[in-house]
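Below is the structure I would like to discuss, written out as structure tokens.
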Amino acid sequence: GTAAPWWTSGVVYQVYPRSFADADGDGIGDLAGIRGRLDYLAELGIDALWLSPVYPSPQHDNGYDIKDYEDIDPVFGDLAEFDLLLAEAHDRGIKIVMDLVVNHTSDEHPWFVESKSNLTNPKRDWYWWRAPHADGGVPNGWRSAFSGPAWTLDDTTGEYYLHLFAKQQPDLNWENPDVRAAVYAMMNRWLDRGVDGFRMDVINFIAKRTELIDGPMPATDGGSPMGPQIHAYLQEMHAAVFAGRPGDHLTVGEMPGVSTADAVLFTDPARGEVDMIFQFEHVGLDHGDTKFDVRPRNLPALKQNLAHWQTDLAETGWNSLYLNNHDQPRLVSRFGNDTTYRYESATLWALVLHLQRGTPYIYQGEEIGMTNVRFDSIADYRDIESLNHYREAVEEFDLAPASVLAGVHAMGRDNARTPMQWDATPNSGFTTGTPWLAVNPNHTGINVAADRSGERSVFRFYQALIRLRHESPVVALGDFSLLEPDHEQLYAFTRSLGGETLLVVANAADAPLAAPLPAAVAGLLANAERVLGNYPRQSPGASLRPWEATLYRLP
Ligand code: TEU
């Protein structure tokens, strides 16, 4: 058959352009800045870059509110600059994956401006408009992900429009075939331009459970708005955009709230939907109903959930592997120890994630162990999700500001959006201007230059993991088996393919793990050959040091 697609043994690096590298000194990252760092990314060894949106946008949600799908926002550059970045990335064997945000547009997109202008214009049905419900007010009880109702009343026409996110992000009506055709045409023009695929923003929400919109006034059932027609839409998109093209364009769908059963349907190659998805179960285990309701880490639950995704998608389908992105707090602060054992815990989670079956995603700064930030005041934060949450919690629910700020410290999205830390100079080499969001004060010690000059380099550990995935079929394709699933601090599993077996042994805790190690692991360690580790070599089976992680090849 045909060769396996590149992404079965490749690694994707996510760039958040706003915070990566600023070439023109306006304090906001840009395309020229990314182009200036391509050698760094090539040295890391990644196969593709996923760029968060760089299209024209009012920037209410940092570019996830798009007003023109086929241009570049001047703050990031222009189409000529984009073509240059694309060419220079391709020269280095690096693919470029764009962010496709078509569940919603900006409220300044010409489509919405026309749609809202009057009740009978041709684009009225391109969005979700509804008259006030008989009970008065919003059509149903859905809430916006950014606080408040998911419906806003438009005074011009006296109707409400739907926005699962900010009111400046009206949802497109995918029931309308004209909407779907316009999106596919835009996607085809980007692929014709040479881009190598799309990360698809909340793509499972494009299909709504319409019975919850036009039925009796349901109190929000807390369930997903995702409707069953999602599979038909994705198959239609695949046929209209990707099917006839040579080469493996990457499609990764961001899908909050889906299960492994859903994911098998979405990622079964025979169904022609998407190549892989970003699921949210593992990043939902350490908080309550809202993400800011933080709960303590539960390692067995985390291990078992990730193992569940490994085994349920083993025969059919494909996993993405991530612990970080522009919406999640920094992994070393959330799952590790970002002070005493920052190097050890950052590399432990890198090993645990990159040795699983799927396509790993590295979020900018993860490869040098960047940490969360703790600004003193909500005024230092920029993210609409955190700002709306803080205002609602403090002003409407009368919660104590300090406790609400603590939730933002732990889980706010700005944790991932402080500027990339390149060196110890004042703005960490990110900009010569004033950064749009303050640089993390710890950049003087945590930065690319310091990491790569150090004896224990997170960057070089990621380089080794990426090289391993490129060279070793058992890493890319081997069967996964979790060991000691209930152990509170040991994370151990095997990968096997064609007689070759690898073993990961990781002590995900500040406390050492005394020998003898649990029998299931100790038994395998006899004659094991060390492949990679984050501590100086010691005899297999000895007590594990804090956050010690080692990869072994078994005889
Ligand atoms: O995120 C979708 C999504 O599910 C987020 O609301 C996520 O649950 C939340 O941010 C976690 O706190 C995508 C983009 O990744 C995000 O940056 C956008 O804000 C959002 O869609 C709307 O486009």
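The values are calculated or read from the model by the stated rules, or taken from the named source; none is laboratory data. Note that the structure is predicted; figures quoted are calculated from it, not measured. Every residue, glycine among them, receives a Cβ derived from its backbone with ideal geometry; neighbour counts consider all protein chains shown. Calculation scope for accessible area: heavy atoms of the full protein, side chains included, ligands and nucleic acids excluded. Shrake-Rupley method; radii C 1.70, N 1.55, O 1.52, S 1.80 Å.
Given the criterion away from the ligand (no atom under 16 Å from the Cβ) and open to solvent by 30 Å² or more (accessible area, probe 1.4 Å), identify the matching residue among ALA350, ALA410, ALA379.
ALA379
Can you name the condition, by its number, that GLN168 falls short on among (1) more than 16 Å from the ligand (Cβ to nearest atom); (2) at pLDDT 95 or above?
All conditions are met except number (1).
Read through the list (1) touching a Ser or Thr at 6+ places or on another chain (Cβ under 7 Å); (2) among the acidic types (Asp, Glu); (3) open to solvent by 10 Å² or more (accessible area, probe 1.4 Å); (4) not in a loop (DSSP other than H, G, I, E, B), then give the number of the only condition that ASP99 fails.
(3)
Mind listing just one residue for me: the one in segment 111-134 that is open to solvent by less than 50 Å² (accessible area, probe 1.4 Å) and assigned to a loop (DSSP other than H, G, I, E, B) and, of those, nearest to GLY158 (Cα to Cα)?
Once the filter is applied, the top-ranked residue is HIS133.
Still on this structure, please answer the following. Give just the number: which of (1) buried (at least 18 other Cβ atoms within 10 Å of the Cβ); (2) without any contact (Cβ under 8 Å) to a residue 40 or more places away in the chain; (3) more than 23 Å from TRP190 (Cα to Cα) does ASP24 not satisfy?
The failed condition is (1).
Could you grab me the full set of residues in segment 277-316 that are under 22 Å from LEU477 (Cβ atoms) and open to solvent by 30 Å² or more (accessible area, probe 1.4 Å)?
HIS308, THR311, ASP312, ALA314, GLU315, THR316
Give me the pairs, please: first residue somewhere in segment 199-211 and within 27 Å of VAL54 (Cβ to Cβ) and open to solvent by 10 Å² or more (accessible area, probe 1.4 Å), second residue anywhere and within 10 Å of the ligand (Cβ to nearest atom) and not hydroxyl-bearing (Ser, Thr, Tyr), beta-carbon distance under 7 Å, and either six or more positions apart or on two chains.
Every condition considered, the pairs that remain are ASP201/ASP99; ASP201/VAL101; ASP201/ASN103; ASP201/GLU254; PHE205/ASN103; PHE205/LEU164.
If I filter segment 292-343 down to residues being of a type in the set (Asp, Glu) and closer than 19 Å to THR418 by Cα, which single residue comes out as nearest to the ligand (Cβ to nearest atom)?
If we take residues in segment 292-343 being of a type in the set (Asp, Glu) and closer than 19 Å to THR418 by Cα, then ASP327 is nearest to the ligand (Cβ to nearest atom).
Go through (1) part of a loop (DSSP other than H, G, I, E, B); (2) more than 16 Å from the ligand (Cβ to nearest atom) one by one and return the number of the condition GLU108 breaks.
(2)
Here's something else I'd like to know. How many residues does segment 321-370 hold that are in contact with a Pro (Cβ under 7 Å, 6 or more places away or on another chain) and within 16 Å of LEU465 (Cβ to Cβ)?
Counting residues in segment 321-370 that are in contact with a Pro (Cβ under 7 Å, 6 or more places away or on another chain) and within 16 Å of LEU465 (Cβ to Cβ) gives 4.
Can you name the residue in segment 220-235 that is crowded, with 18+ Cβ neighbours inside 10 Å and more than 16 Å from the ligand (Cβ to nearest atom) and, of all such residues, is farthest from ALA207 (Cα to Cα)?
Looking at residues that are crowded, with 18+ Cβ neighbours inside 10 Å and more than 16 Å from the ligand (Cβ to nearest atom), I get LEU234.
List pairs: first in segment 245-267 and part of a helix (DSSP H, G or I), second β-branched (Val, Ile, Thr), Cβ under 7 Å, 6+ apart or cross-chain?
Going by the 7 Å Cβ cut-off, the qualifying pairs are ALA263/ILE277; VAL264/THR316; PHE266/VAL274; PHE266/ILE277; THR267/VAL274; THR267/ILE277.
Also, quick follow-up: Within segment 334-381, count every residue that is within 19 Å of MET276 (Cβ to Cβ) and charged (D, E, K, R).
2
Here is a follow-up. Using the structure shown, decide if LEU84 is touching a Ser or Thr at 6+ places or on another chain (Cβ under 6 Å), open to solvent by 30 Å² or more (accessible area, probe 1.4 Å) and more than 16 Å from the ligand (Cβ to nearest atom).
no
Identify the single condition in (1) within 16 Å of the ligand (Cβ to nearest atom); (2) modelled with pLDDT under 95; (3) surrounded by 18 or more Cβ atoms within 10 Å (Cβ to Cβ) that VAL138 does not satisfy, given that it satisfies every other one.
Among (1) within 16 Å of the ligand (Cβ to nearest atom); (2) modelled with pLDDT under 95; (3) surrounded by 18 or more Cβ atoms within 10 Å (Cβ to Cβ), the lone unmet condition for VAL138 is (1).
Also, I was wondering about something else. Picking from SER345, SER320, which residue would you name as being open to solvent by less than 10 Å² (accessible area, probe 1.4 Å) and not in a loop (DSSP other than H, G, I, E, B)?
SER345
Just need a number here: residues in segment 44-61 that are touching a Phe, Trp or Tyr at 6+ places or on another chain (Cβ under 8 Å) and closer than 14 Å to GLN14 by Cβ.
Matching residues across segment 44-61 total 9.
Okay, next question. For the condition away from the ligand (no atom under 16 Å from the Cβ), open to solvent by less than 30 Å² (accessible area, probe 1.4 Å) and assigned to a loop (DSSP other than H, G, I, E, B), what is the one hit in GLY33, GLY10, GLY29, GLY63?
GLY10
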